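The values are calculated or read from the model by the stated rules, or taken from the named source; none is laboratory data. No experiment lies behind these values; they were computed from the predicted model shown. No Cβ is skipped: glycine too gets one built from the backbone with ideal geometry, and neighbour counts run over all protein chains shown.
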Amino acid sequence: MRLSRFLMLRIAAVSLAMMACALLLALWQARLNIAREERGATETARLFDELDGLESGPAGDMPAHLSALRQISAQGRLRHLQLQLQDDHGNDLLPRLPETSTPLQRGYAWLLPPAYGGVKPTTPQWNLQRADGRRFHVTLLLDPGSERSESLTDIAGLLGILLGYGALTLLAVYVALRLALRPMRKIIYAIGQYQRDRYDYRLPPLRLLELHTIGQALNHMAQSLASSQEARRRLDLQLRSLREDERSRLARELHDELGQRLTAMRADTAWLVRRSLGQPPLADVANALAEHCEHVQHALRDLLQRLRARQPYEDEDEPLPLHRLLHELVDSWRDMPDQGTRFELAMAIDEHAVGGDVALTVYRLTQEALTNIARHAQATRVGIRLALHDDGRLEWSVCDDGNGLTDPGQAAYRGNGLVGMRERVWALHGEIDMFATHPHSSRPGLTIRARLPLQPVSATSLTNDRLAHGEPDYPS
Ligand SMILES: Nc1ncnc2c1ncn2[C@@H]1O[C@H](COP(=O)(O)OP(=O)(O)OP(=O)(O)O)[C@@H](O)[C@H]1O
Ligand SMILES: [Mg+2]
């Protein structure tokens, strides 16, 4: 259904209900008016009856007639008329009705003075002559105040009805709008998911055509983004795998070519050193040559280790020996000359459960984090931790107590290492964050933490996993 049609139908239905209520109120008011008219007419008839009794009835009934007349002339009972009754001496026998009192009534009387239709009203007066000689003087005055107060009540009633009608209509429109726009919460929720790069969320079909169209468009957009992200991830992984292959090839060539020759050179220099014993200038050169050879061999071993994760003799299909690799990596930093930093490595995972790409990523992340610490942190302690997180993912972290980073987002622009770490983690559907190890210290240090799936995930398995959790709670 279209939004405009839905709103119109709702508003029309509510307006009809409101009008029915207003009609009922108006009928109730008319009933009150009729009852008032009837009572006024009855009281007028009773007035003449009582006046007749006062004039011609027995003297003993006079007090009862006077009391009945007092009742009849009380406020508002004789509609639009006021009765005055005086004895022979001009004394009022009935209380005079008070003048218009409240400011509203006075203002209303000023606004609507008596009109009399252009003819000055007559004031009927007559005398009652009893047989016992007592006389009464009767005056019937026009009372415009009572008509005014009745019309004032009518206007107030009308205003009340209009106000109530307006307020209820507004309320109804508000409720109809809220109901109509309720599915917007789902749309806003979906947009929030996409803003957090969670493109696997899909909107369900929505009842209103316009919102349904928006929902379908968002679903389509999310689908395209998810596919292109997945394609980028695959490409990224392929590129990294190619780079790893290239690094392995280079390492193999270096190992086979230079490694063997260096070993031969070291054997030759050892022979030279032995033969030059007792020939000081020659012995010095031979010793220096032997030292250079040893140095180059160490440097080559170092380079080979950084270039590739596997030893040349290891089977490519076997899982990567993560424990050994990380231990060797950390040992190589511990063994650095003049190393003033303490390294602690804690691993609480089964390396056979970790996929090859994931293990390699963990290794490269650790390599970069340790290199950064050596270059930038001036840390005294470094902790490397690998554990299984509660959600079943692998949690890797490296923390140091060095200089720290005030703005990791900004720091990433200064080199390629941090950006590369983010990309590696992103390619595996993981998450990475960086924060101060000791936030309130003068040397806050840096902790880099990543959570990765144990095995590389496909986009469909992620979607199914999230869908299995059912409808999310939309914010209200
Ligand atoms: N552990 C750390 N402690 C303090 N600062 C760090 C740490 N790690 C990184 N940084 C800061 O972040 C910046 C970016 O690091 P990144 O690894 O991206 O680049 P880099 O190490 O300078 O160069 P490269 O591209 O060779 O890695 C560094 O220049 C450094 O200022
Ligand atoms: Mg770096």
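Here are a few things to note about the model shown:
- Boolean, M8 is farther than 30 Å from L142 by Cα, assigned to a helix (DSSP H, G or I) and either in contact (Cβ under 8 Å) with a residue 40 or more places away in the chain or outside the structural domain of R79 (by TED's automatic domain parsing) (or both): no
- On the stretch given as segment 4-39, residues that are touching a helix residue (DSSP H, G or I) at 6+ places or on another chain (Cβ under 9 Å) and under 17 Å from S73 (Cβ atoms) total 1.
- Taking the criterion of being in contact (Cβ under 8 Å) with a residue 40 or more places away in the chain and either near ligand 1 (Cβ under 7 Å from one of its atoms) or of a type in the set (F, W, Y) (or both), the residues of segment 400-415 that qualify are D400, G402, N403, G404, L405.
- H438 free of Cβ contacts under 8 Å to residues at least 40 places away in the same chain, away from ligand 2 (no atom under 16 Å from the Cβ) and either more than 15 Å from L326 (Cβ to Cβ) or buried (at least 18 other Cβ atoms within 10 Å of the Cβ) (or both): yes
- Taken as a whole, the condition of being more than 16 Å from ligand 2 (Cβ to nearest atom), assigned to a strand (DSSP E or B) and surrounded by fewer than 18 Cβ atoms within 10 Å (Cβ to Cβ) does not apply to R443.
- Qualifying residue in segment 237-255 (condition: free of Cβ contacts under 8 Å to residues at least 40 places away in the same chain, within 30 Å of I349 (Cα to Cα) and aliphatic (A, V, I, L, M)): yes
- Unmet requirement for V398, which otherwise passes all of (1) modelled with pLDDT under 95; (2) closer than 22 Å to E344 by Cα; (3) within 14 Å of ligand 2 (Cβ to nearest atom): (1)
- Of all residues in segment 38-58, one or more are assigned to a loop (DSSP other than H, G, I, E, B) and of a type outside the set (S, T, Y).
- Criterion violated by V330 - all others in (1) surrounded by 12 or more Cβ atoms within 10 Å (Cβ to Cβ); (2) away from ligand 2 (no atom under 16 Å from the Cβ); (3) closer than 25 Å to H429 by Cα satisfied: (3)
- Against the test of being surrounded by fewer than 16 Cβ atoms within 10 Å (Cβ to Cβ), at pLDDT below 80 and not polar (S, T, N, Q), the options P58, P114, P63 yield a single qualifying residue, P114.
- Neighbours by Cβ (under 6 Å, 6+ apart or cross-chain): first from segment 357-386, over 22 Å from H438 (Cβ atoms); second more than 10 Å from ligand 1 (Cβ to nearest atom) and aromatic (F, W, Y): V362/W396
- Any pair with Cβ under 6 angstrom, 6 or more apart, that starts in segment 279-299 at a residue that is within 13 Å of D268 (Cβ to Cβ) and ends at one that is in a helix (DSSP H, G or I) and β-branched (V, I, T): A286/V273; L289/T269; A290/T269; A290/V273; C293/T269
- Output for segment 351-361, where each listed residue is at pLDDT 90 or above and in a loop (DSSP other than H, G, I, E, B): V354
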